Structures are given as C-alpha cells and as structure tokens.
Amino acid sequence: MKKATILFLPVLLLLIFACSETQPVDPVSSPLYGEKFRPQFHFSPPANWMNDPNGMVYLDGEYHLFYQYYPDSTVWGPMHWGHAVSRDLVHWENLPIALYPDKNGWIFSGSAVIDHRNSSGLGSDTNPAMIAIFTYHDPVGEKEGRNDFQTQGIAYSLDKGRSWTVYEENPVLDNPGIKDFRDPKVMWYDDGNGNGKWIMSLAVLDKIDFYSSQNLLDWTFESDFNPDWAAYGGVWECPDLFPLTAEDGTEKWILFVSIEPGGPQGGSATQYFVGNFDGKTFTSESTETLWLDYGADNYAGVTWANVPESDGRRLFIGWMSNWQYAQIVPTDPWRSAMTLPRTLDLVKVDDGYLVASRPIREIEELRMESNTLSESSKEFQNELIEAILYPDQQNFKIRISNDNGETVSIEKSGEELTFDRRQSGRIDFSPEFPADHHAPLNGIEVESVRIFIDRSSIEIFVNEGELVMTELVFPNSPFTKISLEGFGESNTLHYLKSIW
Ligand code: FRU
C-alpha cells in the first residue's frame, strides 16, 4: 500500500463512517473482505445475510446485481433488495439498499427490465425507466393463515438504479389463493412481426405460470407448465425463460426452474427444460430432468436482461449456497456469495441439446502469473487458483489439499464425476455438508477440466461448462497443493488476484 494511502486511511475511514447512511460501502478501504473464508473473486455482501440474485439488468456500461438481503442479521429475515454494480462482471461496487419492505410486505425475488418504449409511462422516451418486478411477501397475512400473502409489485428508477420509487398502485398482480406465488422474471417477447409484449414467468407452487402485459402494470394469464416427468421434490422457485442459439443456428427456448428441496445432491438445485415458446405457451422437447449444475451450491440463478446485442451473450449468476445449511455456514460478518458469472451456450449433443455454463471471459483479467503444470503434484504459491487440466486417461483423480491434511478429491471413474468434501476442513456445522457428490457424465467425453479455487468455494467446469459442479468448502487454512493422476503434461495453473 502506498504511504500516502496509509496516512489518509484514518481520515477516509472516518469519512466513510460519517456518510455510511447514504454512501456506498467502499470495500477497498474498509476492513471487510479480508476475513478467513471471505471469497476473493466472487461477489459477497460486505456484511449480513444474502440469498438469491435479483433484478439483474445491464444499463449504460453497468451490470446491476440486486440480491435478497437482510441487513440486520447473518440469517434470513425480512427481505430487502441489496445492490451492487460492475463494469466488467468481475469487480463490484457496493451501493445502498435499493428496496425496503413496505406496507405490502417484504421484498422477495424478482427481475428488472429497461422499459425502452416507455410502455408503463413511468419513464420517458429520453429517459426510460429501470423497472423492478418482485414478489411482496406479506408476513401478517402469512401469520393469519391466509393463502394470498404473496403478490407481485413493481418499483422504478430514473437514475440508473440509484434511487427507487415504489409504484403507488401495487400490487400489480393479485394472488388467486395459492401460498407459493412468486419470483417474477420478466422479458420482452417479440413475435418477429413487429408485435411484442412483456412475458412474466412466475413460480406457482409446483408449476410455472406465464402472464403477459403491454405495460408492466396489467397482467393477463397465458398458460402454465408442469410436465409430469419433471422434478417435483420440492417447491418450484425462481424461473427464467429465454432463447439461446446453438452454433448451427438452431434456436431453442430455455426454461430454468429452481427447486427446493429435491436437487441431485439434496436440497436446492436448478433444473431446466429445452423447448419452444410461442408467446403464450412453453413446450418442452427435453423429456427428462436436466440439471444446470451438479454441485450442491448453485441455486436460484437467472440471467441478465438488456445485455446489448453487440455483446450477444446470455449471462448468468447463481446464489452459491444451499438452503440445507446456508444459514449456518461458518462465515462472519456476512453469509453467502454468488457463483462466478457464467455465459450460457446451447450445445448439440447426441439426443438433443444441453445448456453449457462457461466462466465469463472477463475473469481472465485476474490472472497474475501462469505456470505449466506438468508434474503430478505441485505446491501453490498463491491461494487463489485457476487450473486447466487435460486428462490423458479414461479415469482420473485430482486432490486439492492444505498443510493440515484437509483434502478435496475430484474423481472421474467410469461414467461419473465425484466431488468429495468429507475431509475438506470445517464440516461439522451441518450433517448435510460433508458428502461426496456424484454427477453423471451422460455420454460427455472429458477433454478438459477447469477448476477455480477461492477461499471457500471450488467450481469445476468440464469441457468448458458442459458439466459443472459448484461446491462450498471451508478449509482451516488455504489449500496449498494439487496432486494429479491421469493427466498429461501440458496443464496450466494460473494464480489469480483478489477483486477487493
Ligand atoms: C429462493 C427463495 C425465493 C424467494 C426468496 C426469499 O431461494 O425462496 O423463492 O423469493 O428466496 O428470500
């Protein structure tokens, strides 16, 4: 740190403290972000509880990330929308809370759009509104034993998400008497003939309902979706509907549905469907459950709205935790982080299509030093790691360990990839946490394994995201060693720098 910075630090801290009511928290000059398990290249809130990513929208060079936030505790409670922005999806600036509970209830998950056509009348043609569409959860109604305590509301911002006005006539969509009626994800649907409408995907108990609107204020029911072969181990949450185009030009519509519990590793996970959407109805072409991520810790993820066509990517982020233990993981003064942002691509496979989740290319900005990893075991000189490994055997094994003998094993054996975190460090906080997780390869020939190690997470991308496992780990000291069996000699190890 430069001398001048050291001298001015106390003054800076005082200033930040004095302005903390209205000013963003500046993590660079705050003592936060240095804690033992604190993610160094994943987004986490400065303090307190976070769950689902919400309202992700791009505007004028900024990627907005709102999130389920409880500012008074490190466990879940009355929900607000926290807020951060990034210009590169890698470095984040924390901003003040965007949405607070109001007379209609707590602010549950939802989405945001830019109303370019001023269809709502809430902005203007020259300054289109950023509009958040979210679920109100009324705790009073819930306590009274009613069924209609979740409704949909909106709020808008005319200054790039910095200040928000709650729509006076909320809710915009009333509850028909179904307890679980939430998580609106809204997109503009263009029928290709110059006509369009807003489409809302909504999780309604264990199905997805689609509603449409011309103005974001009045909504009409279109159809619902709940094929009998889908995964129904728990309630359906946080849907997302969007088109993706494969390399051969084929376009498919993808529907994400998070489910809790009932995921492949127990607890929370996201299933998806590949099919068509005609502006009214979603039809699935896939006929069995597809999972976006086979790890235990990627939930409630959805994609960014309004990404410029010149960029063209479908960008995703998920909540890197699992409701099984999210509220008792050993982190303080914050709880939860987001996954690495990912680009979603449609990939043709033998019997249809899959959605690959690839780490965003911007993450490469964090590489400081790169080494060829040719030997079978290597000590790290850095705690933040990206390893790109090329197997030369059918089966392989990767062990990541620290000086305390705490170990994570990643193994391919036959048609399965396993992630074993039973000896990974702090595991005693929940009986569900220490486990070995199995992922079926479903015919994928493993060509590469890319691994990101942060202080409390490991993400594995097989063949650049055709199979993904996102997993939390809490080693008592940083991992310092990698051992390989079944790999060639031209693997790469990148040392990454912290984003904070
Ligand atoms: C998913 C979820 C959503 C809900 C939010 C409440 O994790 O349960 O369905 O809107 O969290 O915080």
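The values are calculated or read from the model by the stated rules, or taken from the named source; none is laboratory data. Just so it is clear, the model here is predicted, and its values are computed rather than measured. Here the Cβ is made from the backbone with ideal geometry for all residues, glycine too, and neighbour counts use every protein chain on show.
Descriptive notes on the structure:
Yes or no, residue by residue, for (1) among the polar types (S, T, N, Q); (2) in the same structural domain as S490 (by TED's automatic domain parsing); (3) buried (at least 19 other Cβ atoms within 10 Å of the Cβ); (4) modelled with pLDDT under 95:
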residue: V307; (1), (2), (3), (4): no, no, no, no
residue: S310; (1), (2), (3), (4): yes, no, no, no
residue: A326; (1), (2), (3), (4): no, no, yes, no
residue: A337; (1), (2), (3), (4): no, no, yes, no
residue: P341; (1), (2), (3), (4): no, no, yes, no
residue: D345; (1), (2), (3), (4): no, no, yes, no
residue: K348; (1), (2), (3), (4): no, no, no, no
residue: V355; (1), (2), (3), (4): no, no, yes, no
residue: M368; (1), (2), (3), (4): no, yes, no, no
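- Contacts under 8 angstrom Cβ, first residue in the stretch 132-151 being in contact (Cβ under 8 Å) with a residue 24 or more places away in the chain, partner buried (at least 19 other Cβ atoms within 10 Å of the Cβ) and charged (D, E, K, R), 6 or more apart: T135/R182; T135/D183; H137/R182; F149/D138; Q150/D138; Q150/R182; T151/D138
- Taking the conditions (1) more than 23 Å from K481 (Cα to Cα); (2) part of a strand (DSSP E or B) in turn, S370 satisfies each one other than (1).
- When each of I400, I460, I388, I410 is tested for being closer than 18 Å to L484 by Cα and within 22 Å of the chain's Cα centre (by Cα), the lone residue that passes is I460.
- Some residue of the stretch 165-183 being of a type in the set (G, A, S) and assigned to a strand (DSSP E or B): no
- Check on D240, more than 14 Å from the ligand (Cβ to nearest atom), more than 23 Å from A439 (Cα to Cα) and assigned to a strand (DSSP E or B): no
- Taking the stretch 193-208 as the range and being assigned to a strand (DSSP E or B) and either among the acidic types (D, E) or within 16 Å of the ligand (Cβ to nearest atom) (or both) as the test, the residues that pass are M200, S201, L202, A203, V204, K207, I208.
- Residues of the stretch 275-302 that turn out to be more than 16 Å from the ligand (Cβ to nearest atom) and of a type in the set (D, E), as a count: 3
- If only residues of the stretch 139-172 that are in contact with a Leu (Cβ under 8 Å, 6 or more places away or on another chain) and within 16 Å of the ligand (Cβ to nearest atom) are counted, the one that is farthest from V235 (Cα to Cα) is A155.
- Restricting the stretch 460-500 to residues that are charged (D, E, K, R) and surrounded by 20 or more Cβ atoms within 10 Å (Cβ to Cβ), the residue that is farthest from L344 (Cα to Cα) is E471.
- Whenever a residue of the stretch 72-100 is within 14 Å of the ligand (Cβ to nearest atom), its partners that are at pLDDT 95 or above and small (G, A, S), lying with C-beta atoms within less than 7 angstrom and at least six residues away or across chains, give the pairs W81/G55; W81/A98; L99/A132; L99/A155.
- Between G312, G267, the distinction of being in contact (Cβ under 8 Å) with a residue 12 or more places away in the chain and at positive phi belongs to G267 only.
- Test set (1) touching a helix residue (DSSP H, G or I) at 6+ places or on another chain (Cβ under 6 Å); (2) within 16 Å of the ligand (Cβ to nearest atom) - Y136 fails condition number: (1)
- Cβ-Cβ contacts under 7 Å between residues 6 or more apart (or on different chains), taken from a first residue in the stretch 162-191 that is of a type in the set (D, E, K, R) to a second residue that is in a loop (DSSP other than H, G, I, E, B) and within 15 Å of the ligand (Cβ to nearest atom), are listed as D180/L205.
- Note on the stretch 231-288: residues that are of a type in the set (A, V, I, L, M, F, W, C), within 20 Å of Q327 (Cα to Cα) and in contact with a Leu (Cβ under 9 Å, 6 or more places away or on another chain) amount to 2.
- Test for G233: is it without any contact (Cβ under 8 Å) to a residue 40 or more places away in the chain and within 16 Å of the ligand (Cβ to nearest atom): yes
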